[in-house]
Amino acid sequence: MGIDLGTTNSLVAVVRSGVAETLADTKGRHMLPSVVRYQTTAPPLVGHEALSDAHDDPFNTIASVKRLMGRGVADVKQLGTQLPYEFVAGDSPVPRIRTVAGDVSPVEVSAEILKVLKVRAEDTLGAVMPDAVITVPAYFDDAQRQATKDAARLAGLNVLRLLNEPTAAAVAYGLDKGSEGIYAVFDLGGGTFDISVLRLNRGVFEVMATAGDSALGGDDMDHAIAEWFMREASIADDSDHRALRRLLRDARAVKEALTTQATAQVEVQGGAGLWRGVLDRNTLNTLIDPLIARTLAPCRRALRDAGIRAADVDGIVLVGGATRIPRVREQVEAFFGKPPLADIDPDKVVAVGAAIQADVLIGNRRDQDMLLLDVIPLSLGIEIMGGMVEKIIPRNTPIPAARGQEFTTYKDGQTALLVHVVQGERDLVSDCRSLARFELRGIPPMVAGAARIRVAFQVDADGLLNVSAREQTTGVESRVVVKPSYGLSDGEIERMLRESFSHAKEDEAARALREAQVDADRLLEAVTAALAADGDSLLSRAERAEIDGAMAALRAARDGGAIGAIKRGSEAVDAATREFAARRMDAGIRKALAGHRLEEFHSLPPGGDK
Amino acid sequence: MQVDWSKNFFELFGLPAQFDLDPSDLLTRYRELQRRVHPDKFASASAEERRLSMQLTTLVNEGYQTLRDPVRRARYLLDLSGVAMNDETDTSMKPEFLVEQMELREALEEACAREDSLRRLAELANDIEHRHAAKLEELRDCFSRGQGALGAARNAVRELQFLGKLLQEIREQEEELT
């Protein structure tokens, strides 16, 4: 399944009989409001029921939680007045919200939303569905991506891939229309803005550049309108949270009305009783123009990074509910010099693209040559002397990517080096997002500048970072998967999973066994397919027999029902197929180049044969 | 028979190790390689295949980034030929080039201070782009002359890096102003 986990609304889509479509709840509603209301004893309410209570129970009803994902306590303080929740004071780097059901983290709130969508998909299709592609804003940094992945794990989902929202939209759009050429995807959602420039060629979606603002969206427009209400109706700033939530609800209704009408009647509870007024589209435009203007600088940067001009763009695809606003369309048209394409549903297109990608990843579309080549949105670097950043992987580098840089000690006899990993475009560490700190210890004492410490970054296809540091002369090594600053530790996730299952009917051991069996089945299926394709041409009889033996053992263990045996069996199959995997990869490269003239290398300069 | 990690990027893309290269041919080869090695093609494969796929795709990405940019491609070719760039230690430049650089830097500072700085910056960027293009032609010529001109190619690369850095700074200034 494909899940669009949005700031305001979330959707789930699946591919059935080759057609990708979003799924509705029992009342026929496709969009699930991303709102969770915690209750004293009953399980939390999610979606429409929670939304209708938002203004009556503001402290226990969490909306727009996506804005808090991967954020630290300090970031949340900056959002300050916009959020009515009571945050728990403490030394945890992750903000926790106080509710009647206990303290919850943004990851846990998001997991509640994901669980509802998972159940919806399973009920609709009548099958267990653990695998999902989850979309994230292209401009999400590493911490925000990691938090999203944590939420999915907490909801019992196996994340096939984190997919960038504009890329998902391009997939749904491009496959539908059979488009070729350069497309810009302008994605203005409830709380995030992305612009991605892609080149579409025979099923390959190559992201040339991406830019955005992960704290800008339709929500901000609602706030601008609510502030106008407050000025006009003389409502004090310090009104209680219930009143503010009501104002926001009214603001959104007026914004939506003005999409089709020139004026809208307003009725709000003012300081001196009920206030009646009219908001027209021109006034709305002056309220939201500063926000729309903030989308244009990222558009310019994306075009520049892609090395193209606005005129080179063949089409502009609009995504996200806020792109329904006429003023947004006008400004986009003025910037790109051509009208945007508006023949798709901007709310559903991301989930549909995610479902198509999920279908490709689980191998249902072997016939189709679809491939997504994405990039990293923000530069990754490490702190050097003077609080400055040394960039290691620049923004818009295609992923997966790896880069390394050598550093040295600056004091005689220095035995440890602190590595501080940051993400962002600015020169000062304090202006970038801190992702992780770790220490490489055990460097043998040397004079300053003698040690050679290689810091290596590896970004995977989800855009997630892995960092290692190694002293070259002695081989002292330190390695981290970047997540500690704002994410949950693996231990925390496991504990939460255990807790949530102690409430559920299903018992933990049975679940773990089923997961191990599903993993084993997946592996057996993959190896069987690989053997059918290349077993005869790439393996000797003895090698083939060894793999067949390991597979037979795994099949027996799988049916035997002992988790340890299944895991050992899976590892044995992995080990037995190692050489085969390498040969297949090599054969793949040969085939890729077979259609081309294979040049001779006589022009290789001397010394070039290394 | 193993995945050959010692292949250089030209070999990986099945291209001759030379400066001249057809960008659209490189792009086609890049896409074909990606179709074979990308992690999406191995999402449900064994852990070993997934690991290999990520490493190989990383290599293909790095190779594409290196070969498609003429200056990086030139640096890489020089490296393969055993001509070191020594960016840190070797700071000697032709005096006339240094003078030109100083003048361009002054022009940049002056442009930023002016009221019509955006227009000034655009003019300066245009000027530097022309110099960059001319220098690239010089570099191409060096590579076509073979072994004897590799030293000259190295100098051209260093000058191109200066110009590239200057262009980058102008872009950043423009970004700040808009």
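Values as computed for the structure displayed
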quantity	calculated
Peptides ranked, highest mean first, by Cβ atoms within 10 Å: ranges A:429-435, A:155-161, A:374-380	A:374-380, A:155-161, A:429-435
Selection from A:Ala552, A:Leu523, A:Leu154 lying farthest towards where the dipole of the protein assembly as shown points positive, charges on Cβ	A:Ala552
10 Å Cβ neighbours from other chains, averaged over peptide B:62-75	1
Proximal aspartates and glutamates to A:Lys118, defined as alpha-carbon separation beneath 17 angstrom and excluding residues fewer than eight positions away on the same chain	A:Asp4, A:Glu21, A:Asp25, A:Glu108, A:Asp131, A:Asp150, A:Asp359, A:Glu506, A:Glu515
Neighbouring partner chain Cβ atoms per residue of A:576-585, average, 10 Å criterion	6
Charge dipole magnitude, Cβ of K and R +1, D and E -1 - segment A:321-436, Cα centre, debye nearest 20	140 debye
Prolate/oblate/rounded call for segment A:291-399, Cα gyration tensor, a/c under 1.5 rounded	oblate
Violating pairs (Cα-Cα greater than 31 angstrom) within the set A:Lys255/A:Lys348; A:Lys27/A:Lys66; A:Lys567/A:Lys591; A:Lys149/A:Lys338; B:Lys41/B:Lys165	A:Lys567/A:Lys591; A:Lys149/A:Lys338; B:Lys41/B:Lys165
Among A:Gly535, A:Ile376, A:Ala354 the positive-end extreme of the charge dipole of chain A (Cβ point charges)	A:Gly535
Karplus (6.51, -1.76, 1.60) ³J(HN,Hα), θ = phi - 60°, over segment A:117-134, in Hz, Gly and Pro reported as x	5, 4, 4, 4, 5, 5, 5, 5, 8, x, 8, 6, 10, x, 8, 9, 9, 10
Chain pair B, A: total accessible area buried, heavy atoms, 1.4 Å probe, Å²	5300 Å²
Peptide ranges A:533-541, A:218-226, A:33-41, A:2-10 listed from the most packed, as the mean C-beta count within 10 angstrom indicates	A:2-10, A:218-226, A:33-41, A:533-541
Phi-based couplings in Hz for segment A:52-63 (Karplus 6.51, -1.76, 1.60; Gly and Pro marked x)	5, 9, 3, 7, 8, 9, x, 6, 9, 10, 9, 10
Protection-proxy order for peptides A:169-176, A:203-210, each taking the mean of Cβ atoms within 10 Å per residue, highest first	A:169-176, A:203-210
Value at 222 nm in deg cm²/dmol, rounded to 500, when DSSP H runs of n ≥ 4 in the protein assembly as shown each add -39,500 (n - 2.57)	-15500 deg cm²/dmol
Nonlocal amide H pairs with A:Val266, under 5 Å, H built at 1.01 Å	A:Gly277, A:Val278, A:Leu279
Amide H contacts of A:Asn9 (H built 1.01 Å from N, under 5 Å, at least 5 apart or other chain)	A:Ser34
Mean separation of Cα contacts under 8 Å (6+ apart) over length of segment B:95-177, as relative contact order %	31 percent
Per principal axis, descending, Cα span of chain B in whole Å	61, 45, 31
Inter-label distance for A:Asp431 and B:Arg131, nm, one decimal - labels placed 7 Å from Cα along Cα-to-Cβ	2.6 nm
Compactness relative to 2.2 N^0.38 Å, alpha carbon Rg of the protein assembly as shown	1.01
Solvent-accessible area, 1.4 Å probe, carbon plus sulfur percent, for segment B:95-177	50 percent
Protein accessible area in chain A, 1.4 Å probe - carbon and sulfur %	50 percent
Neighbouring partner chain Cβ atoms per residue of B:55-61, average, 10 Å criterion	6
Whole-Hz ³J(HN,Hα) from phi, Karplus 6.51 cos²θ - 1.76 cosθ + 1.60, for segment A:521-536, glycine and proline x	4, 4, 5, 4, 5, 4, 5, 4, 5, 5, 5, 4, 6, 10, x, 5
Cα→Cβ-extended label distance, 7 Å offset, between A:Asp289 and A:Asn158, nm	5.4 nm
Reduction of at least 30 Å² in accessible surface, 1.4 Å probe, comparing all protein chains with the chain by itself, residues of segment A:150-194	A:Arg161
Total charge dipole magnitude, the protein assembly as shown, about the Cα centre, Cβ charges on Lys, Arg, Asp, Glu only, Debye to nearest 20	1140 debye
Extreme residue, positive dipole direction of segment B:113-178, given options B:Ser144, B:Leu177, B:His132 (C-beta unit charges)	B:Ser144
Cα centroid of segment B:101-178 to Cα centroid of segment A:374-396, whole Å	23 Å
Gained length - A:Arg544 relative to A:Arg514, 0.36 nm times residue gap less alpha-carbon distance	7.9 nm
Long-range HN-HN contacts of A:Leu435 with modeled amide H, under 5 Å	A:Val421, A:Val422, A:Gln423
Amide N of segment A:460-479 lying under 20 Å from the label point, which is placed 7 angstrom from the Cα of A:Thr415 along Cα→Cβ	A:469-479
Long-range tail of P(r) for segment B:95-177 (Cα pairs > 20 Å, %)	38 percent
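The values are calculated or read from the model by the stated rules, or taken from the named source; none is laboratory data. All values reported here derive from a predicted model rather than from experimental measurement. Please note: Cβ atoms are built from the backbone with ideal geometry, for glycine as well, and neighbour counts cover all protein chains shown. Surface areas here come from the heavy atoms of the whole protein model, side chains and all, with no ligands, DNA or RNA. Shrake-Rupley method; radii C 1.70, N 1.55, O 1.52, S 1.80 Å.
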